[in-house]
1. Between B:Val158 and B:Ile23, what is the label-point separation in nm under the 7 Å Cα-to-beta-carbon projection?
2. Only Lys, Arg, Asp and Glu count, each charged at its Cβ (+1, +1, -1, -1), so figure out the dipole size of the stretch B:73-158 about its Cα centre, rounded to 20 debye.
3. Please report the antiparallel percentage of the DSSP beta bridges confined to the protein assembly as shown, to the nearest 5.
4. Please express the Cα-Cα pair-distance distribution P(r) of the stretch A:16-128 as a list of whole percents, one per 10 Å bin, running from 0 to the bin with the greatest distance.
5. What translational D, rounded to a whole number of µm²/s, comes out for the stretch B:91-136 from Stokes-Einstein when the hydrodynamic radius is the Kirkwood one over Cα pairs, at 10 °C and 1.306 mPa s?
6. Kirkwood-based Rg over Rh for chain A (C-alpha set), two decimals?
7. Does the stretch A:107-261 classify as rounded, prolate or oblate by the C-alpha gyration tensor (a ≥ b ≥ c root eigenvalues; a/c under 1.5 gives rounded; else a/b over b/c gives prolate, otherwise oblate)?
8. How many Lys pairs in the stretch B:73-158 lie less than 28 angstrom apart by Cα atoms, where the lysines are 8 or more positions apart or on different chains?
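The values are calculated or read from the model by the stated rules, or taken from the named source; none is laboratory data. Because the structure is a prediction, the values reported are computed rather than measured. Neighbour counts are summed over all protein chains in view; Cβ atoms, including those assigned to glycine, are modelled from backbone coordinates with ideal geometry. In case anyone asks, the SASA skips ligands and DNA or RNA and just uses the protein heavy atoms, side chains included. Shrake-Rupley method; radii C 1.70, N 1.55, O 1.52, S 1.80 Å.
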Amino acid sequence: MEDKKFNIEIFDIKLDTQFIGRNFYYYDELDSTNSFLMDKKFGAKENGCVVLAEFQTSGRGRLERTWESQKNLNLTFSILFTELEMIENSLSILNLATSLVVAQSIENLFQLKTDLKWPNDILIKEKKVAGILLESSSSGSKLNKLIIGIGLNVNQSKFLGEYKIPPTSIRIESRSIIERERVLAEILNNHEAMIYKLVDNPSSMLNDWKNKCSMLGEKICIEQNGKLIYGVFEDIDEEGYLLLRTKKKIEKINFGDVSVI
Amino acid sequence: MDLEYIKKLVRLLDSTSLTSIEIEEDGIYIKLKKESKIPKLVTTQINPQSQIVENMNTISVPAKTETVKQETKEEKSSSKLHEIKSPIVGTFYRAPTPEADSYVRVGDKISVGSVMCIIEAMKLMNEIESDVAGKLIKILVENGTPIEYGQPLFLIEVE
């Protein structure tokens, strides 16, 4: 049965981390796992704690775009960071790093070729298999917490509705039913290793990311709040900015929806 | 001229409105002079004047105090204005979505922990909370504009 509930014991056996996922919150249903961790009234405060919901009533992406995911089939979860000394200097590339972790985890387990879309979408054969939403909270100029929300389509076989980028799942692409516990443990194990790597050698992460981004070097269009910018996707700089070569100059882009033209 | 005569002259002077009597008799010259009412009048004139002066002083003194107070108030209020600055480089949003209401408006009462805005950088949506309680005086940047690190975003009059 592909829609059986998440088995925490199996997950725990496969989890090989020091702090990420060591505190684990499991819910049948939440409005959104990111909102749960952002909300002060809930008690989840441990650095590295993970909250997983089998179903999100208001799963969301950037600018409150909705994230649809059927119950008990996929992975919708969030990781909380409250000890920020290690990642504070890597904030701008944490999105890239997280998408790389998810892509590499899928490739390691299922030998599926993934493609990364700036800054953090994970695609298989031009279809979106996972999305990431990073949220943080600052009090004045002091960063209090950072939340990495990941939605990964695992065992869902049909997607109804309209999407900006057509969706897919690991099941569709691999043609097999997937053990979600194994996927989650793999992502969390790799994520913790990535956190240490970002401190020691951020440029190697950026190189790995660029190697998985087929848009690099292509003519692209970036939509920023209704404004369209055209150019060539020249490079990613050390802060994760997209460098867009336009007719006049190289522009540093830090947000927007990117598509190949 | 005996003493009794002089006393009579004094009583005369006292009982009249005269201010001085001068008599020269048998080679003796006497001049009696009393403090005229004029000086008294002058005194009364002086008194109102002094009162005016005093009043003016009393008016001007509090006025000064008021000015001083105002200055102190201004000094105090300028020291009580608090700027919330951006902790990251990114894009400033006043609302969670383009359609939604702004988190805060000018004049709003702000508590510690009130969400003021979102700054987006590399798809990291950073909610900025107020670190002080007070009243929102000014929003210093336009919605959707790029923000530099440390750029002031809001001006809050601290309670």
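1. Going from the B:Ile23 label point to the B:Val158 one covers 8.7 nm.
2. Its charge dipole is roughly 240 debye.
3. Here the share of antiparallel DSSP bridges comes out near 85 percent.
4. 13, 37, 42, 8, 0
5. On the way: Rh = 11.0 Å.
Translational diffusion coefficient: 144 µm²/s.
6. Working: Rg = 17.8 Å, Rh = 18.8 Å.
Using only Cα positions, Rg/Rh for chain A is 0.95.
7. On the way: a/c = 1.63, a/b = 1.23, b/c = 1.32.
Here the stretch A:107-261 falls in the oblate category.
8. Final tally of qualifying lysine pairs is 18.
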